[in-house]
Amino acid sequence: MIGFLKKINWMTLLIPIVSVILGLLCGAVIMLIIGYNPLLAYQSIVESIFLQPYYGGETIRAMIPLVLAGLAVAFAFRTGLFNIGVEGQLMVGWLASVACAIIFGHLPRVLLLPMSIIAGGAAGALWGYIPGLLKAKFKVHEVISTIMMNYIALYTTAYIIKNFLYHEGERTPTIPASASLASNFLANLTQGSRLHWGFIVVIIAVIAMWYILWKTTKGYELRAVGFSPDASKYAGMNVSRNIVLSLTISGIFAGLGGAMEGLGTYQYMTINSAFTGIGFNGIAVALLGLNSPIGVVFAGALFAGLQTGGLTMQSVAGVPVELIQIIIALIIFFVGSSYVIKWAIERLSRKGHKK
Amino acid sequence: MSIFEVLTIIIPSTLLTAAPLIFTSLGGVFSERSGVVNIGLEGLMSVGAFTAAISTLALEHSGFGDASPWIAILIAAIAGGLFSLIHAVVSISFRADQTVSGVALNFLAAGLTIFLVKMIYEGKGQTPYITHNIDKISIPGLSKIPFIGPIFFQQVTYTSYLAILVSVLVWFIIFKTPFGLRLRSVGEHPAAADTLGINVSRMRYIGVALSGVFGGIGGAVYLVTITSNYSVSTIAGQGFLALAALVFGKWHPIGAMGASLFFGFAQALSITSQQIPYLDRLPSVIMLTAPYVLTLIVLTGFVGRAEAPKADGVPYIKGQR
Amino acid sequence: MSYAIEMRHIRKEFPGIVANDDITLQVEEGEIHALFGENGAGKSTLMNVLFGLYQPDQGEIYVHGKKAVIHDPNDATRLGIGMVHQHFMLIDKFTVAENIVLGKEPKKHGLLDMAKAVKIVKELSEKYGLDVDPNQKVEDITVGMQQRVEILKTLYRGSDILIFDEPTAVLTPLEIQELIVIMKRLVKEGKSIILITHKLKEIFEACDRCTVIRRGKNIDSVAISDTNPSELASMMVGRKVNVQVNDAPYEPKEKVLEVDHLTVLDSRKVNVIKELNLTVHGGEILGIAGVDGNGQTELIEAIAGLRKVKNGRIKINGQDVTNQKTRKIIEAGLGYIPEDRQKHGLVLDFSIGENMVLQTYYKKPYAQLGILQNKVITKKAKQLIQEFDVRTPSEKTLARSLSGGNQQKVIVAREVDRSPELLIAAQPTRGLDIGAIEFIHGKLIDEKKKGKAVLLVSFELDEILRLSDRIAVIYEGNIIDIVNPKETDENELGLLMAGRKKGGNQA
């Protein structure tokens, strides 16, 4: 029996691993075709992340919003919902945290910092609540509604900054130091990277997701609704309320991701004419992390590392950094095609046994 | 400024911005009617726009002159069709979640096109500008009609009229031909179609490939009539807007066209409102977000239920009922 | 002599089970041949092999004496084989004519010629006496007409061998008689028919010969004139059936369920339940007999709070639960074994343990202050698995990986263990093997003995007659009569189910 369970776990773990390997291989093939040296390129990524403290710090820094975005997507997935709206939820969270920090700038740090973080989470929650409500009340598919909410967020945040929080350079003013997550200590430790205290928020969020879903009755309900809304309804659960709750909590994670950017990385928000990409990357992170909190951390580390190291790759090996995006896209395709990968692995292992 | 003058600004502008949306949303109609959700329209438009940019530049260089953008649109159609096959293989044959595959398609398109631009133009993030656009013209004869002429037939491009004609054609194909009947049948009840000997996978491949062709055309038209060069921000959201038009138009070709025209109108208004009295006082954010807010409202069913094809988004597995 | 269809030594294996094991089926030209067996015996698999939906692992198929390889439904259609599916393969939003011609459309200049399609459908429907309206949408026509559309689909393709897969499951007794007439007419027109069924009555009314299969194996083929119902029945089951009978004395106690002038709308806003009255007492099993689609589902859903009540009252244990939330009704004393056990009864991707507390997870002792008490849940699950003989490696196993019978045992265990005053059992034994059926029947009788009220809904008259203390017949959303099982028989019930009241004064 234990052996049986072990086998299953192996199989599920194998798919993301195989997908990453295939994605990197495809990236290498593309580089070879065009005439770059894939070994040099990948070597430059690995070396920069692990040997240069600056890039190491930047990787962890990039992980912070990415993991939160991944948690947001994964949490909704567990309730059977596809939250494509992390991008928008992240933007409103970003703006809300920055706005809060600026408006209440006179308050002491002990109040201001938590307030600003909560503001980010709350704005994200609102942006998740709306599609949740639309789904629960009117059966509006969340994929479409969250996409719409993304654009509404994009234009609305830009409008608000332009009209109410404008500062030279197409952005908001910088937040007061009392609301900042940035840290000289961490920056010095990593030779001047933008690493900030936000990673503590991430650790709390990871644990919170795990605890909520697997230890509480609410989490039990959310998972039940995710697997089978019909059976949940028959068992007396309120499916609509769980859908709303799930997207709201998902929105909190996303909004916190935005707050980390606003209070940590940048200390302000720019007027965006396009999306940050973090929300969409969050989908990739959640899928690769098999929608489990710890998996999201690993997947987030991988993608953050690739993106940060990609800059080194561009300068050292001359490969455009967009290659990283191509590789991530391919990895999503492979993870999504798990059915075929499973089938192929089974075929291979059966052949192996026959020998 | 008279209403007449306002209309001569807004209507041609509407037609111009709507054309790419019409083509792309028609592509979405094919795909989703066959039962494959296509979030990847954005990516397909990017591929179309990118292809149109580099093809036009190459054709201009080889002396094709004014024909260059038109030929480029055809090449972009082929490129879009080929690119969409990735979505088809992954979501139909490999049974991946169609939304996941669509998201990945957008990623891939964004990365790949800019990657190639940097390859071709030595590290630059955008292509040079094309010199032979499809220009705004006045249609001979028609533009002389009093009142109607200046509103509908001056300062317009042929692509807008082509888009409207094509949407009628698509309606005809989907509702009046055996092919259309079969395409709809696999989107509604693939198992039933299967028992009648209709090859479900093949129909869905065709549906997705057509969405690629039309998405490619949409992106190309956007490039050769509006932006004239390709960069990261060229297709910022046009594909998702087309997706919204598809839903707003209730998965119907004529509906999609109407929705695209309406979204084009909203976009035109947000751009031109500064020139128009009264409207210049309206915050542009209202016009910019209008298409998305309205699509959400339509989806709530207050204005008649928008119903997707029954098997839209559901992979078909033989033998499973 | 050549057969219309001959399937020799067919074997078809699925992961974990052999669905068909060396089955031979010989259908003579121009006969109605019954393929008889229990649910899960392998009838549908065999027919799907014949229709090209599955490929056999071994064996050969001959059509009109010629060896045939059938890769897909296209091949089957080309060979003149047509299938009338149990779950209709119809597209709701298409018209009748569109559904019939789909895949083989009449064309004019390459375009759809719907006028011609309508004409062809009309001609066919007149020729075979299959009344349909070609221009109506399928979603707007009756179940009986939908079945005729299915038959016309095969005739339009020129099939001369027709497979009917459990065609009577959704029909009223009257419609069944009509169907038998249609089948006989088709045979007269030169068609051969295979009738898949597990109902003896139909075989003796309609068929010429019969092939019995059991657990994927061939048992025998016999001419109907040479056999009798009890012989066929024992062939199907393979042993003497140990019938559970409701032998406990009938001592009704106080009213547990009271349904008073209930009116309920269906999804199309039509009254499906009209002014219905019903009372179930403690210590009795009340069986509801009726043809599918007469409001049974809606009645149960209304009681369980899953469907809105338009008018009328529902009381459980004297407590008014009309339009209350499902959870509140469950807490008031409702237990429910739903008809679709996989969709409604279980969260398939939850473990057995998690499924055992699907309604009680938030209560003590399974939860404290919103935190799950996993140890308590595990212990309870282990106890129930043992008590109800659920065959599973552990309580951590996913419900999905259990057999149908064991899945149903999980549901019954959970519902009975909560000790509800009212237990609703909807089609509790559908699709189960004999062993599981006996077990579940026994549990229902136990509940009655404990003084609980049991509301049993079933399409199997057998089951209703055997278990019920009283039988309520539902027809078009109303209880048209309540009869004593000891004073009635299948014939009388059949008439009632078709809407004819006793004495024949009502048509």
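As a summary of the residue check, C:LYS188 satisfies the conditions (1) touching a residue at least 60 places away in the same chain (Cβ under 8 Å); (2) surrounded by fewer than 19 Cβ atoms within 10 Å (Cβ to Cβ); (3) within 21 Å of C:ILE81 (Cβ to Cβ) except for the one numbered (1).
B:ARG202 meets the conditions (1) basic (Lys, Arg); (2) within 30 Å of C:ALA115 (Cα to Cα); (3) surrounded by fewer than 17 Cβ atoms within 10 Å (Cβ to Cβ); (4) away from chain C (no Cβ under 14 Å) in every case but one. The failed one is (4). Cβ-Cβ distances below 8 Å connect the following pairs, each with a first residue in the range C:423-438 that is free of Cβ contacts under 8 Å to residues at least 60 places away in the same chain, a second residue that is among the acidic types (Asp, Glu), and a separation of six or more residues or different chains: C:THR429/C:GLU460; C:THR429/C:GLU463. Taking the criterion of being hydrophobic (A, V, I, L, M, F, W, C) and surrounded by 14 or more Cβ atoms within 10 Å (Cβ to Cβ), the residues of the range C:109-129 that qualify are C:LEU111, C:LEU112, C:MET114, C:ALA117, C:VAL118, C:ILE120, C:VAL121, C:LEU124. The set of residues in the range A:211-250 being within 13 Å of another protein chain (Cβ to nearest Cβ) and farther than 23 Å from C:LEU348 by Cβ consists of A:TYR211 alone. If the condition is being under 30 Å from B:TRP171 (Cα atoms) and under 24 Å from the mean Cα position of the chain (by Cα), then the range C:76-116 contributes C:PHE88, C:MET89, C:LEU90, C:ILE91, C:ASP92. Once the range C:62-88 is narrowed to residues that are closer than 18 Å to C:ARG157 by Cα and among the polar types (S, T, N, Q), the residue that is nearest to the other protein chains (Cβ to nearest Cβ) is C:ASN74. Within the range C:150-174, the set of residues being free of Cβ contacts under 8 Å to residues at least 60 places away in the same chain and not polar (S, T, N, Q) comprises C:LEU152, C:TYR156.
Considering the range A:309-338, and only residues there that are within 16 Å of B:GLY111 (Cβ to Cβ) and of a type outside the set (A, V, I, L, M), the residue that is farthest from the other protein chains (Cβ to nearest Cβ) turns out to be A:GLY309. Does the range A:109-148 hold any residues that are among the aromatic types (Phe, Trp, Tyr) and either over 20 Å from A:ILE84 (Cβ atoms) or modelled with pLDDT of 95 or more (or both), and which are they? Matches in the range A:109-148: A:TRP127, A:TYR129. For the range C:336-353, taking the residues that are facing chain A (nearest Cβ under 8 Å) and in contact (Cβ under 8 Å) with a residue 60 or more places away in the chain, the one that is farthest from C:PRO428 (Cα to Cα) is identified as C:LEU346. Of the numbered conditions (1) more than 28 Å from C:GLU298 (Cβ to Cβ); (2) facing another protein chain (nearest Cβ under 9 Å), C:LYS380 fails exactly one; give the number of that condition. With (1) more than 28 Å from C:GLU298 (Cβ to Cβ); (2) facing another protein chain (nearest Cβ under 9 Å) applied to C:LYS380, the lone miss is (2).
Total residues in the range C:354-370 satisfying the condition of being surrounded by 22 or more Cβ atoms within 10 Å (Cβ to Cβ) and more than 8 Å from every other protein chain (Cβ to nearest Cβ): the figure is 3. Report whether or not B:PRO146 is at pLDDT 90 or above and over 30 Å from A:GLY279 (Cβ atoms). No: the conditions fail for B:PRO146. Of the residues A:PHE280, A:PHE303, A:PHE253, the single one that is assigned to a helix (DSSP H, G or I), within 26 Å of A:VAL201 (Cβ to Cβ), more than 14 Å from chain B (Cβ to nearest Cβ) and of a type in the set (Phe, Trp, Tyr) is A:PHE253. For the condition of a type in the set (Val, Ile, Thr), more than 8 Å from chain A (Cβ to nearest Cβ) and touching a residue at least 12 places away in the same chain (Cβ under 8 Å), B:ILE86 does not qualify. Is one or more of the residues making up the range C:199-210 at pLDDT below 80 and among the charged types (D, E, K, R)? The answer is yes; a qualifying residue exists. Taking the stated definitions as given, is C:GLY431 closer than 22 Å to C:ASP292 by Cβ and away from chain A (no Cβ under 14 Å)? The answer is yes for C:GLY431. Of all the residues in the range C:96-108, those that are surrounded by fewer than 23 Cβ atoms within 10 Å (Cβ to Cβ) and more than 10 Å from chain B (Cβ to nearest Cβ) number 1.
Inside the range A:50-102, residues that are of a type in the set (Val, Ile, Thr) and not in a helix (DSSP H, G or I) make up a count of 2.
Every residue, every condition in (1) facing chain A (nearest Cβ under 10 Å); (2) in contact with a Gly (Cβ under 7 Å, 6 or more places away or on another chain); (3) touching a residue at least 40 places away in the same chain (Cβ under 8 Å), yes or no:
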site	(1), (2), (3)
B:PHE214	no, yes, yes
B:ALA220	no, yes, yes
B:GLY249	no, yes, yes
B:GLY258	no, yes, no
B:ASP280	no, no, no
B:GLY301	yes, no, no
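The set of residues from the range C:323-335 being more than 7 Å from chain A (Cβ to nearest Cβ) and buried (at least 21 other Cβ atoms within 10 Å of the Cβ) comprises C:ILE329, C:LEU334, C:GLY335. Residues satisfying the criterion are present in the range A:138-158 (criterion: within 14 Å of chain B (Cβ to nearest Cβ), free of Cβ contacts under 8 Å to residues at least 12 places away in the same chain and at positive phi). Quick one: in the range B:112-151, of everything that is within 14 Å of chain A (Cβ to nearest Cβ) and in a loop (DSSP other than H, G, I, E, B), which residue is farthest from B:ASP66 (Cα to Cα)? Filtering first and then ranking leaves B:GLY123. No other residue among B:HIS61, B:HIS132 is buried (at least 18 other Cβ atoms within 10 Å of the Cβ) and either in contact (Cβ under 8 Å) with a residue 24 or more places away in the chain or of a type outside the set (Lys, Arg) (or both) apart from B:HIS132.
The values are calculated or read from the model by the stated rules, or taken from the named source; none is laboratory data. A quick note: this is a predicted structure, and the numbers were derived from the prediction, not measured. Quick reminder, even Gly has a Cβ in these numbers, built from the backbone with ideal geometry, and neighbours come from all protein chains shown.
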